[in-house]
1. In the neighborhood of S80, defined by Cβ-to-Cβ distances under 13 Å, what is the net charge if each Lys or Arg adds +1 and each Asp or Glu adds -1?
2. If packing is taken as the mean number of other Cβ atoms within 10 Å per residue, what is the order of 42-52, 67-77, 104-114, highest first?
3. Let me check I've understood the local charge: for E31, count other residues with C-beta under 15 angstrom from its C-beta, Lys and Arg +1, Asp and Glu -1. What total comes out?
4. Taking amide H atoms as placed 1.01 Å from N in the peptide plane, list the residues 5 or more away in sequence, or in a different chain, whose amide H sits under 5 Å from that of T43.
5. Please find the FRET efficiency linking T38 to T79, where r is the Cβ-Cβ separation and R0 is fixed at 22 Å, and quote it to the nearest 0.05.
Amino acid sequence: MKKLSIFLSFFFLIGTSLVGNENPVFVMKKEGENKIATLMYQTVDGPVKLFYEPADVIVFEDRSTTITTLEANLFYIGTSNEVEQINSGNYKRMVKKYLPNAHELHKRLGKRGFRFENLPSMILYYNKNILEKNQPITKTEIEKLLVN
């Protein structure tokens, strides 16, 4: 229950700071083997994209008692209009999948500056500095990311 509360409060807080994008766009959301067309809001543009989808999340005290319903944003990552959900539980695996030549970044995942809440800045940095140069991310570049 504690992990769920922390997770939900994170999405509630971070979601409000990322809201403010223009119009939603159609994307194909992967759910297992299925793909579902849905509207999402884009937060990071570039070769690797980050989207969010507003959702209502029900928080339970136990399995039969409802505490409350919260509005939260669920985040999705992708390289085109096909996206996969990314959350605090799978972000390390997804970052390695979608930012494959950022080995120094991979080593720092989970540490200060490289946690789930820092995902937009990691993707922005990767899109701007790594893919444009077509080179792996270096330790020096990682240190610059920490300063900003």
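Bear in mind that the values in this text are calculations on the coordinates, not laboratory data. This structure is a prediction, so every number in the text was calculated from the model and none was measured. Every residue, glycine as well, gets a Cβ built from its backbone with ideal geometry; the counts of neighbours run over all protein chains shown.
1. Values: positive: K29, K30, K35, K49; negative: D45, E82, E84.
Around S80, the charge tally is +1.
2. Those peptides, ordered most packed to least, come out 42-52, 67-77, 104-114.
3. For residues surrounding E31, the net value is -1.
4. Residues meeting the criterion, in which the H sits 1.01 Å from N, are L50, F51, Y52.
5. Once the sixth-power term is evaluated, E becomes 0.80.
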